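Read the figures in this text as sums done on the coordinates, not as results from a lab. Note that the coordinates shown come from a computational prediction; the quantities given were computed from them, not determined experimentally. Please note: Cβ atoms are built from the backbone with ideal geometry, for glycine as well, and neighbour counts cover all protein chains shown.
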Amino acid sequence: MPELRLDVPQVVLDAINDKLNRINQYPAGTRLSANDIGREALAVYKWVLDRSDDGLAIVAAGADSKPVVQITTPHLPARRPSR
C-alpha cells in the first residue's frame, strides 16, 4: 500500500481540531491526529472526484442557499455540471 508523508505545521492541525471541536461540540481536549485528519481529507477528496466524475458540481452554500460557491482545487477546476 502506498504511504503518504507530509509535513503539516502544528498550527494547521490545531486550527482544524479547534474548528472540529466547535462544530461538533466535542469535549474539551478532543484531538484528531495528523493521520486521522489525512484519512478524512483523502476520503472527502475521493468523494469530490467521484461526484465530479458523475457530472456534478461540488458547492458550499449557507442555510438560505446564499451564497453558493463552487469548490475547486488546482487539479479540479470549476465547471458547469453536466447533469
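Observations, loosely collected:
- Label point distance in nm, Leu42-Arg5, each placed 7 Å from Cα along Cα→Cβ: 1.5 nm
- In the chain, helices alone account for a calculated mean residue ellipticity at 222 nm of -14000 deg cm²/dmol, with every DSSP H run of four or more residues adding -39,500 (n - 2.57).
- Pair-distance distribution of the range 26-83: all C-alpha pairs, bin width 10 Å, starting at 0; shares per bin in whole percent are 20, 37, 30, 12, 1.
- In the range 10-70, taking the dipole from charged Cβ atoms about the Cα centre, the farthest positive-side position among Gln70, Leu13, Pro27 is held by Pro27.
- Think of each Lys and Arg Cβ as +1 and each Asp and Glu Cβ as -1; about the Cα centre, that makes the dipole of the chain roughly 280 debye.
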